[in-house]
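Only one structure is covered here, and it is reproduced in the block below.
The values are calculated or read from the model by the stated rules, or taken from the named source; none is laboratory data. Every value quoted in this text rests on a predicted model; they were computed, and no experiment measured them. All Cβ positions, even for glycine, are placed from backbone atoms using ideal geometry, and neighbour counts span all protein chains on display.
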Amino acid sequence: MKILHTADTHIGARQYGLEERRADFSAAFQRVIDIAIDEEVDAVVHAGDLFDDRTPTAEDLHETLHSLFQLKEADIPFLGVVGNHEQRRGVQWLDLFAKLNLAVHLGAEPYELAGFKFYGLDYSGRREVKLPKITSGVLVCHQMLDRTQSNAELHLNDLISCGAQFVLLGDWHEHEVWRQQNVLVTYSGSTERWSMAEEDARGISLIDLDSGRLDRRELKTREFLYISEEEDPFKSIDAHRHQMKGTIVCVTIADTRYSIPEIEQHARDRGALAVRIRDRREVSQSLETGVPDVQLEYENLDALIGQRLHQIKLSDATLSIDHIIREAKIADSKVDAEVTKLLEATRETA
Ligand SMILES: [Mn+2]
């Protein structure tokens, strides 16, 4: 019995405000389904966060359904649980797919497939995690484990002794494997880079439930070019100029050789789709001298942010939006209306 384990697809994530990125997250799901069909797996197990939020658009649902119908036509069951990103108060999207016979929402009652029992546990929040009663089989859940986050609600030891031989997890976006006492506990990792911290290649796991063997398949994802603080960002961007089209460029800067807008412009001029900057300048400067160059106090925090925003040369409109958001006299509930008013006025004078 061979299954495909995946999680954290985050369909609908409009990363960096880009339609291209929204399309990427859906395309990644389609690639996962293609692998499942090619590999003739017996089931796809999805450990949560199929969607990036509770309200996927019609477009996101349309593309997701397209992929799920293909899987259905190939006669491969889709077994899932609900993740924190997509979790709703009442009926879940996964329940809707189950109603359409496109998915099984796993729970405390076992779902049997070819002699194997599958159990599921949706994201439990920060509450105490109540594992279902299991004698053997596969447990699927969406939760942080104490091995990935020190104060997490789920403990590896509890999973090792819960009765399942396989625990397939989602929530942590990196691929991880623990094997103890003939129990396999694993995260499949996300299928597209959801944040620039997710540097490693993305992929899915193929797991043979008879032998316990786990194989990885790497996914072709959007190109991310990482430029470290040791590199000269202009030189590194130039060195990659032939593969720059459509790339997300992630630059860490630690000195003031170039300004952030200069780096962004340089990468965009060479075809980059988006530019992300990790600004380590203040941190490294204060580390060098051993004395922080600013004294952070609660009272002057707003003033410091204001000063800093003026230094980085934002447009007047952007500074005005910042003012509306941080000005204590404007109630939070009024921020939306105030910003809209400002933008309308700005557009009329432009
Ligand atoms: Mn996630």
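Gln143 - would you say it is out of contact with any Leu (no Cβ under 7 Å at 6 or more places or on another chain) and within 16 Å of the ligand (Cβ to nearest atom)? No, not satisfied. Taken together, the residues in segment 313-322 that are charged (D, E, K, R) and free of Cβ contacts under 8 Å to residues at least 40 places away in the same chain amount to 2. Checking each residue in segment 1-35 for being under 14 Å from Asp52 (Cα atoms), within 14 Å of the ligand (Cβ to nearest atom) and either part of a strand (DSSP E or B) or of a type outside the set (Ser, Thr, Tyr) (or both) picks out Ala7, Asp8, His10, Ile11, Gly12, Ala13, Gln15, Phe25, Ala28, Phe29. Selection within segment 193-227: residues that are within 19 Å of Asp49 (Cα to Cα) and charged (D, E, K, R). The member of this set that is surrounded by the fewest Cβ atoms within 10 Å (Cβ to Cβ) is Glu198. Looking at Gly115, is it away from the ligand (no atom under 16 Å from the Cβ) and either outside the structural domain of Leu169 (by TED's automatic domain parsing) or over 24 Å from the mean Cα position of the chain (by Cα) (or both)? Yes.
Would it be correct to say that Ala164 is within 22 Å of Val81 (Cβ to Cβ) and part of a loop (DSSP other than H, G, I, E, B)? The answer is yes for Ala164.
When segment 167-192 is filtered for residues that are closer than 20 Å to Asn84 by Cα and surrounded by fewer than 17 Cβ atoms within 10 Å (Cβ to Cβ), the ones remaining, listed by number, are Glu174, Glu176. Restricting to segment 242-267, and then to whatever is in a helix (DSSP H, G or I) and surrounded by 15 or more Cβ atoms within 10 Å (Cβ to Cβ), can you tell me which residue is modelled with the lowest pLDDT? If we take residues in segment 242-267 being in a helix (DSSP H, G or I) and surrounded by 15 or more Cβ atoms within 10 Å (Cβ to Cβ), then Ile260 is modelled with the lowest pLDDT. Against the criterion of being in contact (Cβ under 8 Å) with a residue 24 or more places away in the chain and within 16 Å of the ligand (Cβ to nearest atom), Leu169 qualifies. For beta carbons closer than 8 Å, sequence separation of 6+ or different chains, a first residue in segment 323-350 that is not assigned by TED's automatic domain parsing to the domain that holds Leu301 and a second that is surrounded by 11 or more Cβ atoms within 10 Å (Cβ to Cβ) and among the β-branched types (Val, Ile, Thr), there are no qualifying pairs. Residues being within 17 Å of Thr6 (Cβ to Cβ) and either buried (at least 19 other Cβ atoms within 10 Å of the Cβ) or within 16 Å of the ligand (Cβ to nearest atom) (or both) are entirely absent from segment 124-137. Taken together, the criteria exclude His46 from residues that are at positive phi and either touching a His at 6+ places or on another chain (Cβ under 7 Å) or within 16 Å of the ligand (Cβ to nearest atom) (or both). Taken over segment 42-73, the criterion of being surrounded by fewer than 23 Cβ atoms within 10 Å (Cβ to Cβ) and outside any helix (DSSP H, G or I) is satisfied by Asp42, Asp52, Asp53, Arg54, Thr55, Pro56, Thr57. The number of residues in segment 14-29 that are touching a helix residue (DSSP H, G or I) at 6+ places or on another chain (Cβ under 6 Å) and more than 14 Å from Leu273 (Cα to Cα) comes to 2.
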